[in-house]
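Take a look at the structure below.
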Amino acid sequence: MHGTTMQVIVHTLWSIEDPVTIVTLLFLRYRHLSGKDFMLFYIRTLYALCSVVCECCKSLPVWCYSYATIVCFSELTLEDLRTLYVAAQGYCGSASCTPCNWLYRNKPLTYFRDIFVNSGGLMKVYIKDDSGDKGSPINGRINGLFFMANNINGEPPATSQFGSWRFQVPAEMLLKTVPNMYFSDFYCMKGRDHYITLIATRPGSEADQFCSRRLLPVDLYDSISNPFLFCRDGCLYVTSHSNLQVEILYTENIDIHEWVMYGGATMLDVAVVCKGSSTPGGVPKNPNCSVCNLENLECV
């Protein structure tokens, strides 16, 4: 779309205060396009409208700014996820792998103290925040607990970015309780590291039903299509790529007492680096990255 045409449309919408009217006009303007192009131009127009609002001190009604912000981050389709998955495969490449003996969750002491004092040691799932790609289908839609899978020679790293206490559990034992695996995101933030997000679900659960419709299934027994985390010769392995982090959203509650007593899990005090805690609401994906930005990938 030419910039002049965009400006005409944006300024035409400027004086309209009825949300239904704006949506109708946008539909009429773009109805001749194919489904994907329709959504692309539709979103770009709303984004431009949102930008004009920002520049003019949000002089449009509040609902319009909110609506434009929401629509700009439309949900990723299965086709989009496949594009991201292929990009993730390419980024991982033929990197070596290491035994994945442990999955671990790093949090501040206050987080675990609250679990033991107020929840009897039950670590409860909570809603997925907006970290990663804003269009990820799981954002704000399913509950879970994030675990990291990266090991170094079969052991978790000695430091933590998210808190001084670590709950670590034998990886294969934990994944046996949630054997269905799905791919949901490939992203980076401000640093060099990229992240692969995998969702682990219990068959038939609400989370599993959601993921089976909206995400890509991942085969843990195929190291060719899934070089990130896979089983081979009866052992679990994770990529050793130095700048690729594999995170797993575990979608069930965890009884820490039970896992420590009977499942081989343990609690450890670890050295903290960087901030030492997660960011409330999550950190958004870097929109300028040529490796994982969907718009850049579609242009290749």
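FYI, it's all coordinate maths here, none of it is from the lab. Owing to the predicted nature of the structure, the values given are computational and were not obtained by experimental measurement. We place every Cβ from the backbone using ideal geometry, glycine too, and count neighbours over all the protein chains shown.
By the count of neighbouring beta-carbon atoms within 10 Å, fewest first, 192, 105 end up ordered 192, 105.
The Cβ shell under 13 Å around residue 121 holds other residues with a net charge of -1, Lys and Arg each +1, Asp and Glu each -1. Between residue 233 and residue 269, what FRET efficiency comes out of the Förster formula 1/(1 + (r/R0)^6) with R0 = 35 Å and r the beta carbon distance, rounded to 0.05? After rounding, the FRET efficiency stands at 0.55. For q values of 0.18, 0.26, 0.27, 0.29 Å⁻¹, compute log₁₀ I(q)/I(0) with the Debye formula on a Cα-only model of the stretch 79-137, without solvent. Cα-only, vacuum Debye calculation for the stretch 79-137: -0.94, -1.09, -1.12, -1.16. Diffusion coefficient (Stokes-Einstein, Kirkwood radius over C-alpha pairs, 20 °C, 1.002 mPa s) for the stretch 81-236: 128 µm²/s, rounded to a whole number.
Each of 225, 212 was scored by other Cβ atoms within 10 Å of its Cβ. Listed from fewest to most, they are 225, 212.
With the simple spin-label model, which puts each label point 7 Å out from Cα in the Cβ direction, the residue 119 to residue 288 separation comes to 3.8 nm.
Any idea what the alpha-carbon Rg over 2.2 N^0.38 Å comes to for the stretch 91-176? Please report the intermediate quantities before stating the final value.
Numbers: Rg = 14.9 Å, N = 86, 2.2 N^0.38 = 12.0 Å.
Compared with the compact-globule rule of thumb, the stretch 91-176 sits at 1.25.
One-quarter of the Cα convex hull surface for the stretch 156-300, in nm²?
Working: hull surface 41.9 nm².
One quarter of the hull surface, i.e. the mean projection, equals 10.5 nm².
List 283, 178 from most exposed to least, where exposure is judged by having the fewest other Cβ atoms within 10 Å. Could the numbers behind the result be given before it?
Numbers: 283 14, 178 21.
Ordered by Cβ neighbours within 10 Å, fewest first: 283, 178.
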